[in-house]
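Visitor: This is the structure, below, for whatever I ask next.
The values are calculated or read from the model by the stated rules, or taken from the named source; none is laboratory data. Note that the coordinates shown come from a computational prediction; the quantities given were computed from them, not determined experimentally. Every residue, glycine among them, receives a Cβ derived from its backbone with ideal geometry; neighbour counts consider all protein chains shown.
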Amino acid sequence: MFSITKAVCRNAFLAVAFLAPLSAAAQEACTTYTVQEGDTLGGIAMTAYGSYNYQMIFNANREAIAGNTNSLPAGLQLVLPCKDGRLTPDSELSAVIEAETKKQDETRDPNRPYLPPLKFVTANDWKPFTDESLTGGGIYVRMATTAMQRGGNDRDYKIAFVDDWGAHIDTLLPSGAYDVSIAWSKPDCSKIDMLGEFAVKMCTEFEFSDPIYEVAYSYHTLVDSKYANARAFADYAGARICRPEGWPTSDLEVEGLAAPTVEFVRPKTPMECAKMLLDGKVDLYSIEVETSTANFEELGATDKVLLNPALATFNTHHFVTSRSNKRGLEYIAMLNRGLAEMRESGEWYDIVATGLAEYNDAKK
């Protein structure tokens, strides 16, 4: 659903195989790799990129590994993108974006009827996904604004940054001040009896777009923690789990990790969680693998923590509208059409790869 299309993947495989026919057994960037018995996404990422951050591998192989993230089948072929996000050494980042934008500009109707712009709201300080300092406002904002110009859409829009995520849900969307918020996790609403109060509210009062991204959530412990060797979510029973305020816990709740089985600690920021883990104030730090990896790199503490290579959860992120918005479903349908075209053309992957490249370059 989120990855590059099958045609793009097939071309990538063929190109890599032609350029590096003997690379299948090696875990190297810019090649394909054949999964061996016992391999994990984290272990493959560490060998290929020097980091347990496996989000980029997941992005390039979503259809191939969906449902097998914690148990990769031997013999599976994976595209290991180049370190800058390109799928093959001879591909070029942003090429698909430029081609699709040019095509849209050439077919735009100058006499199209006026329709009021769709009002998006998001927030800062969620890099690389949303932040005013990033190109186009970040990966998710670029996906939203691009979707408004794809899939037969040709609609103007406005983007606002309101740095209070709770206000989006409590006030701004229900009141009609804004039409769509960028972006939120969707709980597993089929298991609503296992969800907490906030997740139930999201299931019953809001509508979600198709997934725009699937985020790998990491599980970091101290090196000598008794939870370091957990191989099932039940092994985390009794742990103090840090996940920042505003981040969902529904993925853990459906795994049976809710109070009183575990204790959630909810500071304001991800960095606070990282520091609390290092200080021994929590047992486990769980958040997007991009974020946690960056936290420990910034603190110079990558040698003091372990990422569990065998367990992962994935949260899907979506555009969200209130069910009280009379045009909400119309807007969600427009965004879904645009997203579908972006995935088919490969533009979805190009936006993700260029956004991650910008973010990683800024950290150097």
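Visitor: Hey, could you check region 89-120 for residues that are of a type outside the set (A, V, I, L, M, F, W, C) and touching a Phe, Trp or Tyr at 6+ places or on another chain (Cβ under 9 Å) and say which is modelled with the lowest pLDDT?
Guide: Looking at the filtered set, the residue picked out is P117.
Visitor: Can you give me the number of residues within region 225-245 that are surrounded by fewer than 17 Cβ atoms within 10 Å (Cβ to Cβ) and either outside the structural domain of V282 (by TED's automatic domain parsing) or in a loop (DSSP other than H, G, I, E, B) (or both)?
Guide: 7
Visitor: Here's something else I'd like to know. Working only within region 162-193, note down all residues that are buried (at least 20 other Cβ atoms within 10 Å of the Cβ), of a type outside the set (D, E, K, R) and assigned to a loop (DSSP other than H, G, I, E, B).
Guide: Correct list: L173, Y178, P187.
Visitor: For A340, state whether it is touching a residue at least 40 places away in the same chain (Cβ under 8 Å) and in a helix (DSSP H, G or I).
Guide: yes
Visitor: Here is a list: A294, A274. Which entry is farther than 20 Å from L195 by Cβ and in contact (Cβ under 8 Å) with a residue 60 or more places away in the chain?
Guide: Among A294, A274, only A294 is farther than 20 Å from L195 by Cβ and in contact (Cβ under 8 Å) with a residue 60 or more places away in the chain.
Visitor: Next up: Look at E330 and say whether it is without any contact (Cβ under 8 Å) to a residue 40 or more places away in the chain and surrounded by fewer than 23 Cβ atoms within 10 Å (Cβ to Cβ).
Guide: In short, yes.
Visitor: Among R323, R343, which is the only one that is outside the structural domain of E272 (by TED's automatic domain parsing) and within 13 Å of V180 (Cα to Cα)?
Guide: Result: R323 is the single residue among R323, R343 that is outside the structural domain of E272 (by TED's automatic domain parsing) and within 13 Å of V180 (Cα to Cα).
Visitor: While we're on this one: Kindly list the number of the only condition in (1) surrounded by 15 or more Cβ atoms within 10 Å (Cβ to Cβ); (2) over 22 Å from E253 (Cα atoms) that fails for S133.
Guide: Evaluating S133 over (1) surrounded by 15 or more Cβ atoms within 10 Å (Cβ to Cβ); (2) over 22 Å from E253 (Cα atoms) leaves (1) as the failure.
Visitor: Restricting attention to region 184-234, which residues are in contact with an Asp or Glu (Cβ under 6 Å, 6 or more places away or on another chain) and β-branched (V, I, T)?
Guide: Of everything in region 184-234, just one residue is in contact with an Asp or Glu (Cβ under 6 Å, 6 or more places away or on another chain) and β-branched (V, I, T), namely V215.
Visitor: Just to be sure before I move on: is A216 farther than 19 Å from E288 by Cβ, small (G, A, S) and touching a residue at least 12 places away in the same chain (Cβ under 8 Å) in the structure I sent?
Guide: So A216 fails the test.
Visitor: Looking at region 40-61, can you tell me whether even one residue there is in a loop (DSSP other than H, G, I, E, B) and under 30 Å from L172 (Cβ atoms)?
Guide: No, region 40-61 contains no residue that is in a loop (DSSP other than H, G, I, E, B) and under 30 Å from L172 (Cβ atoms).
Visitor: Tell me, yes or no, whether region 168-185 has at least one residue that is charged (D, E, K, R) and without any contact (Cβ under 8 Å) to a residue 40 or more places away in the chain.
Guide: Yes; the residues of region 168-185 include at least one that is charged (D, E, K, R) and without any contact (Cβ under 8 Å) to a residue 40 or more places away in the chain.
Visitor: Then there is this: Identify, please: which residue in region 52-84 is of a type in the set (G, A, S) and within 15 Å of the chain's Cα centre (by Cα) and is, among those, farthest from E358 (Cα to Cα)?
Guide: A66
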